[in-house]
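Structure, as structure tokens:
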Ligand code: ADP
């Protein structure tokens with residue numbers, strides 16, 4: 001080659017600035033230059049494939065479409081070769097000498113700022129190729145256009161100039177020869193390159209060969225249509241992407257065009273490892289754009305409560321080089337998250353209808369995430385309400401029903417959905433709160449997990465019906481259809497109104513500040529007393545949970561409570577008489593009634609005081625005069 005044939009050119013001023021930023025301000029995440037070069041090659045191959053569909057191409061028609069990467073750890077060079085569309089001399093100069101964007105001062109300020117924060121950002125500015133200078137001392141680009149015109153070589157050390165010279169004898173496509181910087185020699189190791197390609201470019205739709213071995217063997221099946229994919233392929237892909245050994249419980253594969261182009265393939269693993277005590281799960285869905293990884297285990301494309309999903313989401317509408325930081329508040333990503341979340345919730349709803357048994361299996365393993373969603377994801381709260389399942393007074397033990405089923409069989413005149421929390425079904429069924437429900441035939445949910453009341457409290461209502469805890473003070477159940485006179489005969493006459501009122505007042509004096517009011521109950525059937533919450537928004541179970549987590553301070557020492565007593569209960573009637581004959585001992589009985597009711601509400605009492613008092617009562621019951629009295 002003669003001197004005359006080598007042309008030395010100045011980079012456009014803007015390009016120089018970009019190079020300066022890339023070379024001087026970026027030290028971290030160097031790996032991404034490999035991704036950028038592979039993506040450029042894949043684009044060039046895609047363009048060639050497209051071109052060859054439009055017209056018959058004679059030149060180098062037989063050359064297979066692929067990307068090869070060769071590493072030489074002796075000379076510390078790294079070479080990327082593709083058989084894509086290539087570049088003509090003019091294209092070389094325009095593409096690798098100038099920057100397409102308008103070179104406003106603002107652009108560079110932003111770029112410099114961005115580069116300091118996150119190297120991924122620089123790609124957004126359409127300058128992916130230049131990232132090679134993070135690792136390169138010198139770069140040569142040899143390229144020959146698909147048209148067959150003789151090839152050229154572009155060469156630069158990233159300073160102010162580049163050279164262009166003829167380069168005969170090339171095949172179609174582009175070869176990028178990188179002389180690595182002294183501190184970047186790790187990139188001449190084939191293991192490093194294999195790892196990076198595996199991480200970022202596994203699904204590039206052309207073979208990527210590192211030292212002759214194809215590295216990307218798993219195919220990007222999510223872009224294909226469902227009927228082209230076998231069950232085995234789906235499972236194989238799950239195992240790959242989820243790094244899993246099991247088979248998935250559910251799979252959702254869908255694509256959408258509006259409001260943005262999405263291909264998504266997500267799986268629910270069989271086991272919920274978080275519940276199995278393996279610590280908090282990290283998000284498991286990767287974000288791709290045109291099959292190139294943008295964000296691994298993305299925290300942005302799904303709400304946190306969907307962290308149990310594994311899989312991929314690919315959207316062609318996203319800019320390839322969007323950075324992880326800017327994903328957070330990118331409007332497209334927000335839209336993407338919305339579409340994905342809605343679609344997955346809809347999917348679960350459909351599965352619940354199609355295969356209720358299987359859905360219950362899912363619910364048992366992952367219900368806790370749905371509940372988390374109700375408390376944390378305001379936007380999808382109502383839709384998530386449909387997915388909730390609880391036991392109820394009408395379900396068999398261990399069986400669960402939906403709010404929809406409940407609403408579908410609500411009694412005439414009933415306008416609320418009722419629930420009551422308890423440690424287990426038996427404790428709830430024999431507790432005071434469900435007595436009137438049983439008697440009047442009103443269904444009530446049993447919420448058996450501590451978090452449940454928070455969940456239903458957040459949900460607030462379902463299908464226009466308020467959700468109400470049965471330990472609330474102001475419950476108005478639909479009237480009974482039974483004959484009332486018969487009822488009263490069974491239990492005898494209740495305490496007369498005047499005596500009852502006096503009893504209530506006296507009990508309140510004994511209990512003092514612990515209780516707001518002692519009242520006659522209209523709800524108790526068998527139990528003598530119960531504790532109810534006057535402030536409607538909290539339940540006893542919520543109070544217990546807050547206390548246990550040390551947060552009760554924030555909510556005051558406890559909520560305002562009433563004690564309701566059952567005027568028809570033999571114990572209450574005898575208590576009224578006992579008060580007249582032995583007021584001190586009657587006081588013990590009141591205290592014990594209160595403690596019992598608190599325990600049935602799931603709330604704590606002082607065990608020492610309670611046990612001592614209980615012994616005094618037992619001694620008396622055993623027929624001995626109590627020593628303490
Ligand atoms: P971007 O890829 O965002 O356009 P780059 O700086 O990475 O920006 O590349 C600039 C241009 O150079 C590309 O748009 C493309 O036209 C051209 N180019 C880069 N690499 C190749 C390649 N391997 N084959 C053909 N053209 C390429």
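Of the candidates 372, 383, 391, the single residue that is crowded, with 17+ Cβ neighbours inside 10 Å, closer than 21 Å to residue 419 by Cβ and touching a strand residue (DSSP E or B) at 6+ places or on another chain (Cβ under 6 Å) is 391. Reported count of residues in the stretch 522-553, each being out of contact with any helix residue (DSSP H, G or I) (no Cβ under 9 Å at 6 or more places or on another chain) and either at positive phi or not in a helix (DSSP H, G or I) (or both), is 5.
Residues of the stretch 120-145 that are within 11 Å of the ligand (Cβ to nearest atom) and at pLDDT 95 or above: 141, 142, 143, 144, 145.
So in the stretch 40-50, with the set limited to residues that are in contact with a strand residue (DSSP E or B) (Cβ under 9 Å, 6 or more places away or on another chain) and more than 7 Å from the ligand (Cβ to nearest atom), which one is nearest to residue 288 (Cα to Cα)? Out of the qualifying residues, it is 42. Out of all the residues in the stretch 100-110, is one or more within 9 Å of the ligand (Cβ to nearest atom) and modelled with pLDDT of 70 or more? Scanning the stretch 100-110, I find no residue that is within 9 Å of the ligand (Cβ to nearest atom) and modelled with pLDDT of 70 or more, so the answer is no. Output the number of the condition that residue 398 fails; it satisfies all remaining conditions of (1) buried (at least 17 other Cβ atoms within 10 Å of the Cβ); (2) assigned to a loop (DSSP other than H, G, I, E, B). Against the list (1) buried (at least 17 other Cβ atoms within 10 Å of the Cβ); (2) assigned to a loop (DSSP other than H, G, I, E, B), residue 398 comes up short only on (1). Yes or no: residue 486 part of a helix (DSSP H, G or I) and modelled with pLDDT under 90? Answer is yes for this residue. Condition check: under 37 Å from the mean Cα position of the chain (by Cα) and either at pLDDT 80 or above or closer than 21 Å to residue 160 by Cβ (or both). Does residue 48 satisfy that? So residue 48 fails the test.
Taken together, the criteria place residue 361 among residues that are touching a residue at least 60 places away in the same chain (Cβ under 8 Å), more than 19 Å from residue 297 (Cβ to Cβ) and exposed (fewer than 15 other Cβ atoms within 10 Å of the Cβ). Total residues in the stretch 170-214 satisfying the condition of being away from the ligand (no atom under 16 Å from the Cβ), outside any helix (DSSP H, G or I), surrounded by fewer than 19 Cβ atoms within 10 Å (Cβ to Cβ) and more than 41 Å from the chain's Cα centre (by Cα): the figure is 2. For the stretch 450-470, a residue qualifies if it is without any contact (Cβ under 8 Å) to a residue 24 or more places away in the chain and closer than 17 Å to residue 370 by Cβ, and exactly one does: 460.
More than 15 Å from the ligand (Cβ to nearest atom), under 26 Å from residue 89 (Cβ atoms), crowded, with 16+ Cβ neighbours inside 10 Å and modelled with pLDDT of 95 or more: does that describe residue 153? Judged against the criteria, residue 153 is not a match. Checking each residue in the stretch 434-466 for being out of contact with any helix residue (DSSP H, G or I) (no Cβ under 9 Å at 6 or more places or on another chain) and part of a helix (DSSP H, G or I) picks out 435, 436, 437, 440. Looking at the stretch 224-239 only, could you name the residues that are surrounded by 14 or more Cβ atoms within 10 Å (Cβ to Cβ) and not in a loop (DSSP other than H, G, I, E, B)? Residues satisfying the conditions are 233, 234, 235, 236, 237, 238, 239.
The values are calculated or read from the model by the stated rules, or taken from the named source; none is laboratory data. Fair warning: this is a prediction, and the values are worked out from it, not measured in the lab. No Cβ is skipped: glycine too gets one built from the backbone with ideal geometry, and neighbour counts run over all protein chains shown.
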